[in-house]
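Input: a single structure, listed below in structure tokens.
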Amino acid sequence: MVLADKKRLLVFEIIGALLVSLGAYVFHFLYQWSGENFAVGLISATNESVFEHTKILFFPYLIYSVIEYFFVNVELKRYIVAKSITAVLLFVLVIAVFYIYTGIIGYHISYVDMILAFLYIFLAFFISYKLITSRADIEKHMVWAVPLVLILLFAGVFFSIYPPHIPLFFDMQNKYYGMAK
């Protein structure tokens with residue numbers, strides 16, 4: 001990858017981190033703002049459960065990644081792998097860090113959750129940039145990275161409609177699962 005392409009990619013990754021951060025805010029409230037539209041609920045948070053909060057980072061990140069590709073000069077397979085790995089990372093970080101920090105202190109703090117979300121987003125774009133611009137043979141990871149993103153994409157939609165009755169999917173604030181009230 002030539003220097004000009006690296007600089008262009010870096011600019012788009014920084015813009016992406018900012019836009020996805022804004023998108024996370026929008027996706028947090030989008031279901032409510034839409035009058036609880038079913039289709040909107042498939043890709044945005046429908047309640048305050050930990051699982052639904054994965055969607056507010058995951059879906060804006062995927063949407064931006066698709067759009068970004070058309071503006072950067074990057075080999076498609078390499079780009080897909082880098083974005084897939086970091087999309088999975090976002091999903092995992094939301095869940096893992098939430099349960100670790102709340103397990104340690106015994107409760108969650110909303111502003112800490114928001115700060116962490118922004119950190120996850122910037123970390124994902126930083127890692128994505130590093131993966132795309134590295135000399136490493138990341139393309140070989142397509143065999144697991146892409147299917148895992150597709151599974152998470154399906155899970156994000158499916159479990160909003162049919163959430164398992166376990167704490168990950170339970171809205172402690174409003175006392176319900178998924179879209180059902």
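Filtering the stretch 7-46 to residues that are among the polar types (S, T, N, Q), assigned to a helix (DSSP H, G or I) and in contact with a helix residue (DSSP H, G or I) (Cβ under 9 Å, 6 or more places away or on another chain) leaves only 21.
Matching residues to (1) polar (S, T, N, Q); (2) within 20 Å of residue 43 (Cβ to Cβ):
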residue: 133; (1), (2): yes, no
residue: 137; (1), (2): no, no
residue: 160; (1), (2): yes, yes
residue: 167; (1), (2): no, no
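All but one of (1) within 19 Å of residue 44 (Cα to Cα); (2) at pLDDT below 95; (3) crowded, with 19+ Cβ neighbours inside 10 Å; (4) in contact with a helix residue (DSSP H, G or I) (Cβ under 7 Å, 6 or more places away or on another chain) hold for residue 145, so report the exception by its number. Failed condition: (1).
Residues that are in contact (Cβ under 8 Å) with a residue 24 or more places away in the chain, within 22 Å of residue 124 (Cα to Cα) and charged (D, E, K, R) within the stretch 1-54 comprise 5, 6, 8, 13, 52, listed in sequence order. In the stretch 97-109, the residues that are surrounded by 12 or more Cβ atoms within 10 Å (Cβ to Cβ) form Cβ pairs under 7 Å with partners that are hydroxyl-bearing (Ser, Thr, Tyr), at six or more places apart or across chains, as follows: 108/102.
Residue 81 - would you say it is surrounded by 17 or more Cβ atoms within 10 Å (Cβ to Cβ) and among the aliphatic types (A, V, I, L, M)? In short, yes.
The values are calculated or read from the model by the stated rules, or taken from the named source; none is laboratory data. None of these values were measured; they are calculated from a predicted model. Counting neighbours? That spans all protein chains shown, and the Cβs are built from the backbone with ideal geometry, glycine included.
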